[in-house]
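J.: This is the structure I want to talk about, given as structure tokens.
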Amino acid sequence: MTTTNKSKKDYSIYFQPPSYSDAKKRGKEDIEVHYDFNVPEDMKEIGKDKFYLIQTYGCQMNEHDTETIKGMLEQMGYRSTDDRKQADIILLNTCAVRENAEDKVFGELGHLKHLKLEKPSLILGVCGCMSQEEGVVNRIMKKHPFVDLIFGTHNIHRVPVLLKEAMFSREMVIEVWSKEGDIIENLPKKREGIKAWVNIMYGCDKFCTYCIVPYTRGKERSRRPQDVIAEVRELARQGFKEIMLLGQNVNAYGKDFEDIEYRFGDLMDDIRKIDIPRVRFTTSHPRDFDDHLIEVLAKKGNLVEHIHLPVQSGNNEILKRMSRKYTREHYLELVRKIKKAIPDVVLTSDIIVGFPGETDEQFEDTLSLVNEVGFDSAFTFIYSPREGTPAAAMPDDIPAEVKKQRLYRLNDALNAISKQRNELLKGQTLEVLVEGESKNNANVLAGRTRTNKLVHFEGPKELIGQFVQVRITETPTFYIKGDWVQEAVTQQLGS
Ligand code: 5AD
Ligand code: SF4
């Protein structure tokens, strides 16, 4: 364990930076599952009449970690607030995947300094993926010494203990385990609304050369099937309408089990039988997408016909240097198999432009793949080096302007496909889960189709949280519009 404080001079003995060679050597041993989490007795009342605020950056995994931290804080008596001045604890749950997420956090720390000066009892903490990076922790220690607490992604269950240390110590409390932790099963979670996230696995062993995640989140480890299934059953009992199964690479689920042969396809087949209307998952990796999984997804029911399948590039040389472990041909073949089994499937993706050495021709391959697959949408990224990853040692030689132009062209191509695909929906009546009022117009309701498309339509507020049928009338690029088909209010499962 590596708990320390800022008075210790030789910080390096408490923290090992990400190391590609060490991380790649990691084995399957040592992961234990614990079912015995408890908030210590002397911390159960500590938050009475006090407030917390957590700012979350990055992916859904982080959002879900925030729900866990909130769950623990509420067991300690704290309540949530949106008002920074009212907060007794402010935590920044950070993301290391993209450069601008890191810049935002450092900017935010600058603003929070004034709050801390006004209210010295305020506990200010930084957690999440950035805390797993040595450079970041050093920078906080030097430039933002007013931060009280830093903890990593493997230390979340230690929040009550760490908070106590931060409250009663005058030093900065830092606990970051560079080696992944065990699986802690019974952490409390503060879930809200009609949709719930469920972790099925942690970490990633893929080591794509641009990606920091295998270092910040540790090695792949799957939750036991019975624990995942029990959690989904409980969410169904509580009335949640949709669950999102989470993992960096969900279809590697179960590869680390040594005692049972049970993979992601088996898990989906079991969850399919649970009475929860919609089940999604993210993110899947093309390499581990096996035929059994396709067969199970084709059974539909509560398994929706949307697959997020990051391709990253359409060029074999770049895919090889990204260490994606598939080719363009393999990806296209997988898409063909998926479309054959699920003809109405919606495919979305993650794509990076400007990877080191990417030529114009190689970028054109990405554009042609995008057109060939016909993604309904994609998250697009400009490559930025992450310290400690193999790609960071490659010359980042594409001028910023060229990277930007490629991003614009890619987004234009994606928008054109999206428009075409949405136009095909005109006149169709689709099942929509109503999530709330539209952001810009309180008279309009917003919901999602099974394929995760945003739908706007007019209807009474009582429909929020329900499934309704909507006939699609108009298809602007970023959402679709329709008319509520009144007689068909449904609560049943999908097709
Ligand atoms: N630069 C740009 N994009 C990145 N991603 C991950 N690492 C980087 C990086 N260094 C993107 C990938 C991944 C998504 C979550 O973020 O496309 O799928
Ligand atoms: Fe990162 Fe995803 Fe590759 Fe894992 S599979 S290294 S999380 S991009």
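J.: Work out how much length GLU261 to ARG233 would gain on full extension: take 0.36 nm times their residue separation and subtract the Cα-Cα distance, in nm to one decimal. If you can, show how the numbers build up before the last one.
T.: Numbers: separation 28, 0.36 × 28 = 10.08 nm, distance 2.22 nm.
Working it through step by step, the gained length comes to 7.9 nm.
J.: On the protein heavy atoms, probe 1.4 angstrom, tell me the percent of accessible surface of segment 320-403 carried by carbon and sulfur. Numbers along the way, then the final one.
T.: Numbers: 2150 of 3740 Å².
Roughly 57 percent of what the probe reaches on segment 320-403 is carbon or sulfur.
J.: Related question: So what is the relative contact order of segment 45-96, in percent, for Cα pairs below 8 Å that sit 6 or more residues apart? Present the calculation step by step, with values, prior to reporting the outcome.
T.: Details: 78 pairs, mean separation 29.9, N = 52.
In percent, rounded to a whole number, it is 58.
J.: What is the chain's relative contact order, in percent, from Cα pairs under 8 angstrom and six or more apart in sequence?
T.: Numbers: 961 pairs, mean separation 54.6, N = 495.
Once normalised by length, the contact order is 11 percent.
J.: Between segment 30-59 and segment 374-402, how far is it from one alpha carbon centroid to the other, in angstrom?
T.: With segment 30-59 and segment 374-402 each reduced to a Cα centre, they are spaced 35 Å.
J.: Cα extents of the chain along the three principal axes, largest first, in whole Å?
T.: Extents along the principal axes: 65, 54, 49 Å.
J.: Taking the highest mean first, how do the peptides 445-453, 416-424 order by number of other beta carbon atoms within 10 angstrom per residue?
T.: Values: 445-453: 21.7, 416-424: 14.9.
Sorting 445-453, 416-424 by mean packing, highest first, produces 445-453, 416-424.
J.: For a test of the definition: using alpha carbon positions, the gyration tensor, and the 1.5 limit on a/c, classify segment 111-265 as rounded, prolate or oblate. Could the numbers behind the result be given before it?
T.: Details: a/c = 2.44, a/b = 1.62, b/c = 1.51.
Judged from the Cα gyration tensor, segment 111-265 comes out prolate (a/c at least 1.5, a/b above b/c).
J.: If you don't mind, there's one more thing I want to ask. Would you kindly state how much longer the chain becomes between ASN38 and GLU423 on full extension, computed as 0.36 nm times their sequence separation minus their alpha carbon distance, in nm to one decimal?
T.: Details: separation 385, 0.36 × 385 = 138.60 nm, distance 5.26 nm.
Here the answer is 133.3 nm.
J.: I've got another one for you. Quick one: how many Å² of LYS179 are accessible to a 1.4 Å probe, rounded to 10?
T.: Here the residue's solvent-accessible area equals roughly 100 Å².
J.: Taking the alpha-carbon distance from LYS48 and a cut-off under 19 Å, which lysines remain once sequence neighbours fewer than 8 residues away in the same chain are dropped?
T.: The reachable lysines, counting only those whose Cα sits under 19 Å from LYS48, are LYS70, LYS85, LYS119, LYS164, LYS189, LYS190.
J.: Just to confirm, what accessible area per residue do you get for segment 340-495 at 1.4 Å probe, in whole Å²? Before the final figure, lay out the partial values.
T.: On the way: 7610 Å² over 156 residues.
I get 49 Å² per residue for this part.
J.: Now, a different point. Roughly speaking, what is the centre-to-centre gap between segment 188-229 and segment 90-155 when only Cα atoms are used, to the nearest Å?
T.: So the two Cα centres are separated by 23 Å.
J.: Tell me the relative contact order for segment 64-155 as a rounded percent, counting alpha carbon contacts under 8 Å between residues six or more apart. Don't skip to the end; give the middle numbers.
T.: On the way: 92 pairs, mean separation 25.0, N = 92.
This gives 27 percent for segment 64-155.
J.: Provide the gained length on full extension for the span GLU185 to ARG170, in nm with one decimal, where the gain is 0.36 nm per separating residue minus the Cα-Cα distance. Write down the numbers at each step before the final one.
T.: Values: separation 15, 0.36 × 15 = 5.40 nm, distance 3.22 nm.
The GLU185-ARG170 span can extend by a further 2.2 nm.
J.: Roll a 1.4 Å probe over the protein heavy atoms and report the accessible area of TYR35 in Å², nearest 10.
T.: 120 Å²
J.: If I model a spin label at ASN316 and LYS439 as a point 7 Å from the Cα along the Cα→Cβ vector, what separation in nanometres do I get?
T.: 4.2 nm
J.: According to a simple spin-label model (label point 7 Å from Cα along Cα-to-Cβ), what is the distance in nm between ASP360 and ASP290?
T.: Going from the ASP290 label point to the ASP360 one covers 4.5 nm.
J.: Run lengths n ≥ 4 of DSSP H only: what is the helix-derived mean residue ellipticity at 222 nm for the chain, with -39500 (n - 2.57) per run over all residues, to the nearest 500? Please list the in-between numbers first.
T.: Working: 13 runs with 153 residues, N = 495.
The helix-only estimate for the chain comes to -9500 deg cm²/dmol at 222 nm.
J.: Could you report the accessible area of VAL485 in Å², rounded to 10, computed with a 1.4 Å probe on the protein chains as they sit in the structure?
T.: Result for VAL485: roughly 20 Å² accessible.
The values are calculated or read from the model by the stated rules, or taken from the named source; none is laboratory data. All values derive from a computational prediction rather than experimental measurement. Neighbour counts are summed over all protein chains in view; Cβ atoms, including those assigned to glycine, are modelled from backbone coordinates with ideal geometry. Keep in mind that these areas ignore ligands, DNA and RNA; they rest on the heavy atoms of the full protein, side chains included. Shrake-Rupley method; radii C 1.70, N 1.55, O 1.52, S 1.80 Å.
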